[in-house]
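The values are calculated or read from the model by the stated rules, or taken from the named source; none is laboratory data. Please read all numbers here as calculations on a predicted model, not as lab measurements. All Cβ positions, even for glycine, are placed from backbone atoms using ideal geometry, and neighbour counts span all protein chains on display. For the accessible areas, the whole protein counts, side chains as well, though only heavy atoms, and no ligand, DNA or RNA atoms are used. Shrake-Rupley method; radii C 1.70, N 1.55, O 1.52, S 1.80 Å.
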Amino acid sequence: MSHITFSDVEVTYKTGLVALRGATLEIPRGQFVVIVGLSGAGKSTLIRTINNLVVPSRGDVAIDGRSVTKAKGQELRKLRSDIGMIFQTFNLVKRSSVLRNVLAGRLGAVQPLRGVLGLFPKTDVALAHDCLQRVGIPEKAFVRADTLSGGQQQRVGIARALAQEPSVMLADEPVASLDPPTSHAVLRDLKRIAREDGITTIVNLHFIDMAREYADRIIGMRDGLVVFDGTAAEATDAVFEAIYGRPIDEERDLRGRS
Amino acid sequence: MAVPDPATAHATPLKPGFAARLLNWSTWAVIAALFVVSVQQTGFGFDGLAEGAVDFARFFRRLAPDWTALPQIWAPLIETLQIAYLATIFGTLLGLPLIFLASNNTTVNTPVMVVARSILTVLRSIPDLLYAAILAPILAPGPLPGVVALTIFTMAVLAKLTSETVESVDPGPLEALKAVGAGRHRMIMYGVLPQISATLTSYVLYIFEINVRASVVIGLVGAGGIGNLLNRYLSFFDYGGLGALIIVVFFVVLAIDSLSVWARSRLI
Ligand SMILES: Nc1ncnc2c1ncn2[C@@H]1O[C@H](COP(=O)(O)OP(=O)(O)O)[C@@H](O)[C@H]1O
Ligand SMILES: [Mg+2]
């Protein structure tokens, strides 16, 4: 049973550039999917159609059969509250406390007046602390977000997404700003939590080894097209070379050097 | 809600050599021409100034403060401060929503943004003294027109100071909040306000300083407060009272400015 369904999704930006050329995919519940491809291949675009931050010019994305693409206003916000997202640059409110950043994950769900006044129910605050516990930084709740290291900030990002109690997790190059050991630690956390909660997770990554290590399924993109879709075992070096259009270097990092 | 592209959000800096090209001979010629025309048309002359100086010296000697006027001064002085205080609060409360509507990252849609920007442009272009002069007869002279005039003035100055502040906030947190499913108000509350609060507080204190001074002056055109008393002393040739008033106002304004400057220096 498909959890996320892409039906012939095409994205044309205002500039006229076609960033996604008809993607049709079915992603089952709980799958850990890694998307690989050169810079500009359309990975971020694909991921952002899932929560409608990018609006497809054709086709449809649905979660549990409900169209995210066609949803508007309150309905769209409700669908988004079920989809967590973490970012390469973490996107925290730097001057706010860690706890407040995590509580922001409740903003799609809290009562209207409460959200405006800045009051969160006790259960939300407890949940936020719980999320920080799960990403391993419970003691950081009351410090300012910008005093944390990169790895810790990304954990706050994950905690914020977890506070949504989402069924889908999107991660757009979540470890591109982190060093390799921290990257692995963050990806391990992400994978463990996805397992425990049965969260369908879609991650953009640049490193072949990481993609193979964590992915249940790898999707390769090139010039707005899905050019590979298979298991980690099927994604051989030859497959990666075809996706990236060039040989694998010794660092096994296929980030586009543009 | 559009999140600005960080690559294009910043204005292009001035090209080097711009100042040099601006200050070529033709610019100097225009400045000189305007100077000559202005001197002739205003009748500005140093003999006039000299006469004025003599008058001023005579006037100044009579300004020896009459401290028995003090009890008369306090009530309108406090009224002046209250006018400035209320106007600062009302102006901020009314101005902020307008500023958010006028900023491309927090507006509702483009037509609303254009309307909000137009309103702010109009507000900004009218001097505060003019608001007070127009409003005083309409709203019955007294503190009310003063509050209304300075409220509008506060909105205008705040808009001028903060429009860029709102548009230049880090768009990352806003995108994250949007992804969470937060609506516009929550994005402003949790994404924008924490980023601008220090700057905003500093601007509001600064505007309060300006409002204290402005509320002294607008009293002259009938908008209540100490300016009213100032007007009375002037028209009854009560120079002793005038002297006391000027000294009191000087020290009160100085105290408020210093306090505000101190508070602002601690904010950023
Ligand atoms: N907001 C936008 N407006 C116009 N073009 C865009 C926008 N976002 C991305 N693009 C373009 O779409 C293409 C795909 O971008 P993206 O999805 O970010 O690729 P990736 O994440 O794989 O690097 C690129 O050519 C990029 O320049
Ligand atoms: Mg990208």
Top-ranked residue in segment A:32-44 [being on the phi < 0 side of the Ramachandran plot and open to solvent by 40 Å² or more (accessible area, probe 1.4 Å); ranked as farthest from ligand 2 (Cβ to nearest atom)]: A:Leu38
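Matching residues to (1) touching a residue at least 24 places away in the same chain (Cβ under 8 Å); (2) among the hydrophobic types (A, V, I, L, M, F, W, C); (3) touching a Cys at 6+ places or on another chain (Cβ under 6 Å):
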residue	(1), (2), (3)
B:Ser118	no, no, no
B:Gly146	yes, no, no
B:Phe153	yes, yes, no
B:Pro171	yes, no, no
B:Gln195	yes, no, no
Can you name the residue in segment B:82-99 that is open to solvent by less than 30 Å² (accessible area, probe 1.4 Å) and of a type in the set (Val, Ile, Thr) and is also farthest from B:Val217 (Cα to Cα) among such residues? B:Ile99
Quick count over segment B:54-81, residues being within 12 Å of B:Ile246 (Cα to Cα), part of a helix (DSSP H, G or I) and open to solvent by less than 90 Å² (accessible area, probe 1.4 Å), is 4
Among the listed residues B:Leu158, B:Leu120, B:Leu130, B:Leu150, identify the single one that is closer than 19 Å to B:Ala214 by Cα and surrounded by fewer than 23 Cβ atoms within 10 Å (Cβ to Cβ). B:Leu130
Spot the failing condition for B:Phe250; the list is (1) within 14 Å of chain A (Cβ to nearest Cβ); (2) free of Cβ contacts under 8 Å to residues at least 60 places away in the same chain, and only one is missed. (1)
Out of the residues in segment A:229-252 that are touching an Asp or Glu at 6+ places or on another chain (Cβ under 8 Å) and on the phi < 0 side of the Ramachandran plot, state the one that is nearest to ligand 1 (Cβ to nearest atom). A:Ile248
Of all the residues that make up segment A:193-209, how many are out of contact with any helix residue (DSSP H, G or I) (no Cβ under 9 Å at 6 or more places or on another chain) and away from ligand 1 (no atom under 16 Å from the Cβ)? 4
Can you run down the residue pairs with Cβ atoms below 7 Å, 6 or more apart or on separate chains, where the first is in segment A:85-98 and within 7 Å of another protein chain (Cβ to nearest Cβ) and the partner is open to solvent by less than 10 Å² (accessible area, probe 1.4 Å) and among the acidic types (Asp, Glu)? none
Go through (1) aliphatic (A, V, I, L, M); (2) open to solvent by 10 Å² or more (accessible area, probe 1.4 Å); (3) within 16 Å of ligand 2 (Cβ to nearest atom); (4) more than 14 Å from chain B (Cβ to nearest Cβ) for A:Met1 and report which single condition fails. (3)
Kindly evaluate A:Val239 against the criterion of being aliphatic (A, V, I, L, M), outside any strand (DSSP E or B), modelled with pLDDT of 90 or more and surrounded by 15 or more Cβ atoms within 10 Å (Cβ to Cβ). no
Can you tell me which residue in segment A:46-69 is farthest from the other protein chains (Cβ to nearest Cβ), limited to those that are within 16 Å of ligand 2 (Cβ to nearest atom) and in contact (Cβ under 8 Å) with a residue 60 or more places away in the chain? A:Leu46
With the condition being under 25 Å from B:Val261 (Cβ atoms), I'd like the helices (runs of 4 or more DSSP H) fully within segment B:142-222 carrying at least 2 qualifying residues. B:143-167, B:193-218
When residues of segment A:77-101 are limited to those that are over 22 Å from A:Gly30 (Cα atoms) and among the hydrophobic types (A, V, I, L, M, F, W, C), the one farthest from ligand 1 (Cβ to nearest atom): A:Leu99
One residue is enough: does segment B:26-40 have a residue meeting the conditions farther than 30 Å from B:Val252 by Cα, assigned to a helix (DSSP H, G or I), without any contact (Cβ under 8 Å) to a residue 60 or more places away in the chain and touching a Phe, Trp or Tyr at 6+ places or on another chain (Cβ under 8 Å)? yes
Would you please list the contacts, defined by Cβ atoms under 8 Å and residues six or more apart or on different chains, that run from a residue in segment B:178-189 that is more than 7 Å from every other protein chain (Cβ to nearest Cβ) to a residue that is open to solvent by 20 Å² or more (accessible area, probe 1.4 Å)? B:Arg184/B:Met1; B:Arg184/B:Val108; B:Met187/B:Met1; B:Met187/B:Lys178
How many residues, within segment A:195-207, are closer than 13 Å to A:Ser167 by Cβ and open to solvent by less than 10 Å² (accessible area, probe 1.4 Å)? 4
The conditions are (1) within 18 Å of B:Gly95 (Cα to Cα); (2) out of contact with any helix residue (DSSP H, G or I) (no Cβ under 8 Å at 6 or more places or on another chain); (3) within 14 Å of chain A (Cβ to nearest Cβ), and B:Gly172 fails exactly one of them. Which is it? (1)
Can you pull out the helices (runs of 4 or more DSSP H) entirely within segment A:100-191 that have at least 2 residues that are touching a Leu at 6+ places or on another chain (Cβ under 7 Å) and modelled with pLDDT of 90 or more? A:122-134, A:150-163
I need a count of the residues in segment A:14-45 that are touching a residue at least 12 places away in the same chain (Cβ under 8 Å) and not in a strand (DSSP E or B). 11
If we scan segment A:33-55, do we find a residue that is in contact with a strand residue (DSSP E or B) (Cβ under 6 Å, 6 or more places away or on another chain) and away from ligand 1 (no atom under 15 Å from the Cβ)? no
Flag for A:Arg106 being within 17 Å of A:Leu162 (Cα to Cα), within 14 Å of another protein chain (Cβ to nearest Cβ) and open to solvent by 60 Å² or more (accessible area, probe 1.4 Å): no
